[in-house]
Amino acid sequence: MNSHESNNTTPAALPKIRKVCVIGGAGFVGRHIVHLLHSGGYEVRVPTRHRERAKDLIVLPGVDVVEADIHDPSALSTLLEGMDAVINLVGILHEKHVGRIDKPSARRGDFHQAHIELPRKILQACAKHGIKRVLHMSALNADATSKSAYLRSKGAGEALLREAGQPHSDNERGYLDGPKFTRGQRMAVTVFRPSVIFGAEDSFLNQFAWLLRCLPVMVLACGQAKLQPVYVEDVARAFVRSLENPAAYDQAYDLCGPKVYTLQQLVAYVAQLQGIKRPVFSLNDRLSYFQAWLLEKLPGKLMTRDDYYALLGNSVCGCDFPAVFGFQPTPMEVIAPKYLAQGVEHSHYDGFRCNARR
């Protein structure tokens, strides 16, 4: 897949963007985006379920952190009132409530609600308030026909967003009954599909660092799966630099770092940075599936069968980092040592964390 795609129907230039609502702005990637927007002089609104957990954002002048239920259409409409652009970063990796595709929308599970229904509600609220600029976080390999429910839901949600940027007639039905917009009301949509994202507060490399300190041996499912990790700050810069760039309208960008690794290589690298000597083994396909099935049953869900299906498709980009952003992606080796090495300082707590499964 190319790093960017276009429907070749770029809308006219939009009015100057001053106010941006960042949905998911209190999360890992969102905080970086909000800080960059603040530095760029934008007014930012950040909805969150727990306002007190976003203290670093609350203190920023021009950043309004609002406690709200983004899944409530009425609350969402209120949040978007007066905004010039919307950035949607909402994504979940695991479901607490697993649904079925043949059930009504409310019973199709957490992936469906977060990755399909929420984007639909956002588009409807944008149409109501005349918001034309929408940036959306998807995932590398997102595909509405994927065997992975996560990637399948991300693919369907992405299709909704990209559809919102296409011209059409009033009587057309949208993807999965999504909103269609009349000619002249098209939105300027940009979709981002990152590989796995790393950074000081990530739940990827940090989780392996924790596991390495807890376990006497590391046995990996899908250890030969290929990944191309991308730095969180690079993802944030790509979003912000696209916001008012007409060249990014109606585009979908794959975001990857400069180097491809196997999962086994990544875990071995983390162990090296931590100064931990642990054997790291990669299971074959059948045992990988069994491990995923077993871990799915345990509290915390370190891995699920859906993760297994997602890892079967290598999370790598087929081309260079998009030149439109004006910078090259940061090598993991430049950033990871700065925060992974710090884990050694807190290793005397690890026994308690392992026993408590935290």
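The values are calculated or read from the model by the stated rules, or taken from the named source; none is laboratory data. As the structure is a computational prediction, the values presented were derived from the model and not from experiment. Every residue, glycine as well, gets a Cβ built from its backbone with ideal geometry; the counts of neighbours run over all protein chains shown.
Key figures for this structure:
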{"item": "Set Lys277, Lys301, Lys297, Lys259: member being at pLDDT 95 or above and either more than 30 Å from Tyr42 (Cβ to Cβ) or not small (Gly, Ala, Ser) (or both)", "result": "Lys259"}
{"item": "Residue in segment 228-237 that is farther than 21 Å from Ile92 by Cα and in the same structural domain as Ile33 (by TED's automatic domain parsing) present", "result": "yes"}
{"item": "Residue check for Asp254: within 23 Å of Val134 (Cβ to Cβ), of a type outside the set (Val, Ile, Thr) and at pLDDT below 95", "result": "no"}
{"item": "Every residue from segment 129-151 that is surrounded by fewer than 23 Cβ atoms within 10 Å (Cβ to Cβ) and touching a Ser or Thr at 6+ places or on another chain (Cβ under 6 Å)", "result": "none"}
{"item": "Single match in Tyr231, Tyr253 (criterion: closer than 25 Å to Leu302 by Cα and among the hydroxyl-bearing types (Ser, Thr, Tyr))", "result": "Tyr231"}
{"item": "Residue in segment 256-265 that is closer than 20 Å to Ile92 by Cα and not in a strand (DSSP E or B) present", "result": "yes"}
{"item": "Hits in segment 268-300 (condition: assigned to a loop (DSSP other than H, G, I, E, B) and either surrounded by fewer than 16 Cβ atoms within 10 Å (Cβ to Cβ) or of a type in the set (A, V, I, L, M) (or both))", "result": "Gly275, Ile276, Lys277, Pro279, Leu283, Asn284, Lys297, Leu298, Pro299, Gly300"}
